Amino acid sequence: FQGRNSNMHDLPVSLRLRLHADQEQASYTVESGELGLGRLQLSMSGKLKKETKGWQTDLRLSSKQAALKEYLSLLPATVDKQMEAYKVAGDLQVEADIKGFFSSTLTPLLKVNFVLEDGEWMHRKSNMKLQHIKMNGSFQSRKSSSGKSFLDVPELQASFEGKPFHARFSVEDFNDPRLTLQAVADLDLAFLAGLLPPSSFAALEGQLKADL
C-alpha cells in the first residue's frame, strides 16, 4: 500500500505487511511489517481481529534509531512552521503500542516510550543552542485516571554553554495543556532568550538560578 496523508504535510505513506490470516476467526497476525511516513521507517508486529463494527487491535511500532528531525516532520503544519527557526539533531528510539477497538467512532489507546541520546537544539538566527540533550519519556493518548492525553518526561539533561540543566516535566491534556515542571538550572537569561522565538519576550536580562 502507498498513499499520501494531507494532515502531515502531504508526506508519502507506505505500508508493507506479511500476514498470517485465520479466516474462520477473522483474525490476522502481522508477522513482519514496515510503515513508512516520509523518510521515517517503523517496524510493525501484532494482531488484528475483524468484528462487526470495527477492528480489535494489538499492534507494536518501533524504531531503534531514527533522526529526531524525521519525527518532527510529522507535527501539524502550524507547529512545523514555528520549528523552522530551529535546527535539531540527535537520534530518537521509539516503541509504540496501539491496543483497543478501532471504528468510525472509537480509537484505540496509544502508548509511546521514547529515548533521546546526545541531542542538540539550536536557534538558527542567534546560534544559541542546547547540547548533549538526554531525555526519556512516555506518551499516552488517554491517561487511565482522567481519560486525557498525557506526556511524561521524568529525566531531561542538557548543557547551556557548558552549564548543566536537569529537569522533569509532564503535560496533561493537549487540548487544554497543564504543565508540571521541576528543574535545576543556572541560566543566563539573554542566552535563554536566544533559544526562544523573538516575539516571546520584549527583553530578557540577568541570571536565573532555579531549583524547582
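The values are calculated or read from the model by the stated rules, or taken from the named source; none is laboratory data. In this text the structure is predicted, and so the values were computed from the model without any measurement. Here Cβ is always computed from backbone atoms with ideal geometry, including for glycine, and neighbour counts include all displayed protein chains. Note: areas computed on protein heavy atoms with side chains; ligands, DNA, RNA excluded. Shrake-Rupley method; radii C 1.70, N 1.55, O 1.52, S 1.80 Å.
Restricting attention to the range 37-55, the residues that are more than 20 Å from D22 (Cβ to Cβ) and not basic (K, R) total 6. Within the range 182-196, the presence of a residue that is of a type outside the set (D, E, K, R), modelled with pLDDT of 55 or more and surrounded by fewer than 12 Cβ atoms within 10 Å (Cβ to Cβ) is excluded. When E24 is tested against (1) surrounded by fewer than 12 Cβ atoms within 10 Å (Cβ to Cβ); (2) within 23 Å of L151 (Cβ to Cβ); (3) more than 14 Å from the chain's Cα centre (by Cα), only condition (2) is not met. Look at the range 30-43: where a residue is at positive phi and without any contact (Cβ under 8 Å) to a residue 60 or more places away in the chain and a partner is part of a strand (DSSP E or B) and aliphatic (A, V, I, L, M), sitting 6+ places away or on another chain with Cβ atoms under 9 Å, you get G38/L11; G38/V13.
Exactly one residue out of K99, K134, K111 is more than 30 Å from V30 (Cα to Cα), part of a strand (DSSP E or B) and modelled with pLDDT of 85 or more, and it is K134. Taking every residue in the range 151-176 that is in a strand (DSSP E or B) and pairing it with any residue that is open to solvent by less than 30 Å² (accessible area, probe 1.4 Å) and among the aromatic types (F, W, Y), at least 6 positions away or on another chain, the pairs with Cβ-Cβ distances below 7 Å are F160/F191. Evaluating N127 against the criteria (1) open to solvent by less than 60 Å² (accessible area, probe 1.4 Å); (2) at pLDDT below 85; (3) among the polar types (S, T, N, Q) leaves one unmet condition, (1).
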